[in-house]
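Novice: Dumping the structure here so I can ask a few things about it.
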Amino acid sequence: MFTPITLEQSRALPFWRRPVTLLFLMAIAMPVAFNTWSALLNNFVIEVASFDGADIGVLHTLREIPGFLAFLVIFLIIFMREQVLGLLSLALLGAATAVTAWFPTLQGILVITVLSSIGFHYFETVAQSLQLQWLSKERAPQMLGWLVATGSAATLVVYGVIVVLWEPLNLSYNAVYMAAGGFTVLVALFCLFAIPQFDGPTPQNKKMVLRRRYWLYYALQFMAGARRQIFVVFAGFMMVERFGFEVHHLTGLYLINLLVNMVAAPMLGRFVSRFGERRTLIFEYAGLATVFALYGGIYWFGWGVMLAAALYVVDHILFALALALKTYFQKIADPADIAPTAAVAFTINHIAAVFLPVLLGLLWVASPAMVFALAALMALVSLMLSLMIPRHPEPGNETIFARLKAPTPAQ
């Protein structure tokens, strides 16, 4: 469609057509569709399709299957440029979000959720790859923080509209889903046709890449995926089921998260730059273990809604520190491995996601507190793994054990 240009050549383009602008536009468009879908999901499925904990577990298990199959991106980029694949995936996410309310049955919701998930996971795989290819190691933590803040700002506008206008205008699920999904589709098409295609500094390997020296990154990704499922699936569901939150209540809580992220994310990027990935991830996982243990206390000790809401906000702040996992990999990776490893990492991240939601959905029916206790244990495992990250990761120094090996002669 376009003749690709290099990152160096892109500096001569108008600002609105440069690679960094594309990254920011994608960072705006994706959360508008995905977070609108997420914000309305629990109320939508409970009110329209009478979901219980087991049903929501099945839905999220199916939603994660495309994430488990993210390694297929490696084969798609043999025939299609990463940038094009990412934008087409973004358009699919938007289109699926737009028509979500057209299928108000269990089967319909499951089918449209799978389509939405294909768009989301393939977009996220490519977006992460492009970020790490196009951003220098020195700028990456700060820029990743700003990208998170930008996405939060865009979503803030959408959620603000929901909170302010949901009741006065008697908004329907269909109207909100159509508006958010349609916006994302339009942005994706604009980026596809108005912005040039860019070549990264290093051609990417277009085959499956599994390297022994990346083992710690793979392990951290696996645990992050397992732990994240419990928060994504059950934290919001708890707010609706236990405390009776309505759409505008839950969206109001999301608004607080977004405001905090807008301020905190750039600061977190600077935190990673200053203190390094090791200290950042240790802090994140210790905090998450505490938060999940306190979630369990809500059920064991009958703690109230204010604590639950506060934990929900803290949870979001800590998850933003996950950008340190991206920069850790960027520092240890062969530059040609970024695209295939991003795809493999998404698959590893979603191994547990395929079976955990449905199993934990059944456990939730028996004991919600035990679900959060398991999450706390998973966070502690991640904490132990993060202690193996060296203070200055780089190729050949991927873990603290690398220094125990005999030095390899320079090639």
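Read-outs throughout are calculated quantities, based only on the coordinates presented, and are distinct from any laboratory measurement. Everything numeric here is computed off the predicted structure, so don't read it as measured data. Here the Cβ is made from the backbone with ideal geometry for all residues, glycine too, and neighbour counts use every protein chain on show.
Novice: Projecting each Cα onto the charge dipole of region 174-242 (Lys/Arg +1, Asp/Glu -1 at the beta carbon, about the Cα centre), which of F222, A179, F234 comes out farthest on the positive side?
Specialist: F222
Novice: Report the local net charge at V209: Lys and Arg +1, Asp and Glu -1, summed over other residues whose C-beta lies under 13 Å from its C-beta. List each step's numbers first, then the result.
Specialist: Details: positive: K206, K207, R211, R212, R213; negative: D334, D337.
Spelling it out: positives minus negatives among the neighbours equals +3.
Novice: Okay, moving on. Using a 10 Å cut-off on Cβ atoms, rank the peptides 384-392, 63-71, 255-263 from the highest mean neighbour count down. Don't skip to the answer; put the middle values down first.
Specialist: On the way: 384-392: 16.3, 63-71: 21.3, 255-263: 18.4.
Result, highest mean first: 63-71, 255-263, 384-392.
Novice: Quick check for you: which residues of region 305-320 have the amide N under 14 Å from the point 7 Å beyond the Cα of R242 toward its beta carbon?
Specialist: Inside the label zone: 305-313.
Novice: Hey, can you grab everything whose amide H is under 5 Å from the amide H of D199? Only 5+ residues off in sequence or another chain; H modelled, so Pro and N-termini drop out.
Specialist: Answer set, sorted by chain and number: I5, T6, L7.
Novice: How big is the dipole moment of region 155-307 about its Cα centre under a simple scheme where the beta carbon of each Lys and Arg is +1, that of each Asp and Glu is -1, and everything else is neutral? Debye, nearest 20, please.
Specialist: On the way: 12 positive and 6 negative charges, 208 e Å.
Taking the Cα centre of region 155-307 as origin, the dipole is about 1000 debye.
Novice: Also, quick follow-up: Under a GNM of the chain (C-alpha, springs under 10 Å), which listed residue has the highest mean-square fluctuation: P395, P31, P357?
Specialist: Most flexible of the set in this elastic network: P395.
Novice: Determine the shape class of region 173-324: with a ≥ b ≥ c the square roots of the Cα gyration tensor eigenvalues, call it rounded for a/c under 1.5, and otherwise prolate if a/b is greater than b/c, oblate otherwise. Please list the in-between numbers first.
Specialist: On the way: a/c = 2.01, a/b = 1.23, b/c = 1.63.
Verdict is oblate for region 173-324.
Novice: Sort 138-146, 195-203 by the packing proxy (mean of other Cβ within 10 Å over each peptide's residues), most packed first.
Specialist: Highest mean packing first, the order is 138-146, 195-203.
Novice: Only helices at least 18 Å long along their own axis, judged from Cα atoms, and with Kyte-Doolittle mean hydropathy of 1.0 or greater: name those in the chain from DSSP H.
Specialist: On the way: long enough: 19-49 (42 Å, 1.47); 53-68 (22 Å, 0.45); 82-98 (24 Å, 1.46); 106-134 (41 Å, 0.86); 140-165 (37 Å, 1.67); 173-194 (31 Å, 1.74); 215-230 (24 Å, 0.14); 247-301 (37 Å, 0.80); 305-320 (23 Å, 2.02); 351-366 (24 Å, 2.59); 368-386 (28 Å, 2.19).
Span-like helices in the chain: 19-49, 82-98, 140-165, 173-194, 305-320, 351-366, 368-386.
Novice: Counting only other residues whose beta carbon sits under 12 Å from that of Q9, what net charge do I get with K and R as +1, D and E as -1? Before the final figure, lay out each step's value.
Specialist: Details: positive: R11, R17, R18; negative: E8, D199.
Residues close to Q9 contribute a combined charge of +1.
Novice: Classify region 290-408 from the C-alpha gyration tensor, please: rounded if a/c falls under 1.5, else prolate or oblate depending on whether a/b exceeds b/c.
Specialist: Numbers: a/c = 2.50, a/b = 2.05, b/c = 1.21.
Judged from the Cα gyration tensor, region 290-408 comes out prolate (a/c at least 1.5, a/b above b/c).
Novice: In addition: Would you work out if region 247-320 is rounded, prolate or oblate? Take a ≥ b ≥ c from the square roots of the eigenvalues of the alpha-carbon gyration tensor; rounded if a/c is under 1.5, else prolate when a/b is larger than b/c, oblate otherwise. List each step's numbers first, then the result.
Specialist: Values: a/c = 4.19, a/b = 1.41, b/c = 2.97.
In terms of gyration-tensor shape, oblate.
Novice: Based solely on its DSSP helices, what 222 nm [θ] is calculated for the chain when runs of n ≥ 4 H residues each add -39,500 (n - 2.57) and the sum is averaged over all residues, nearest 500 deg cm²/dmol?
Specialist: Working: 16 runs with 302 residues, N = 411.
That calculation yields -25000 deg cm²/dmol at 222 nm.
Novice: Calculate the spin-label point distance for L106 paired with S38, positioning each point 7 Å from the Cα along the beta-carbon direction, and give it in nanometres.
Specialist: Result: 2.6 nm between the two label points.
Novice: Also, I was wondering about something else. What FRET efficiency do you get for S367 and K206 if R0 is 41 Å and r is their Cβ-Cβ distance, rounded to the nearest 0.05? Intermediate values should be presented prior to the final figure.
Specialist: Working: r = 47 Å, r/R0 = 1.14.
Calculated transfer efficiency: 0.30.
Novice: How large is the charge dipole for the chain, taken about the Cα centre, if only the Cβ atoms of Lys, Arg (+1) and Asp, Glu (-1) carry charge, to the nearest 20 debye? Before the final figure, lay out the partial values.
Specialist: Working: 24 positive and 19 negative charges, 290 e Å.
Roughly 1400 debye for the chain.
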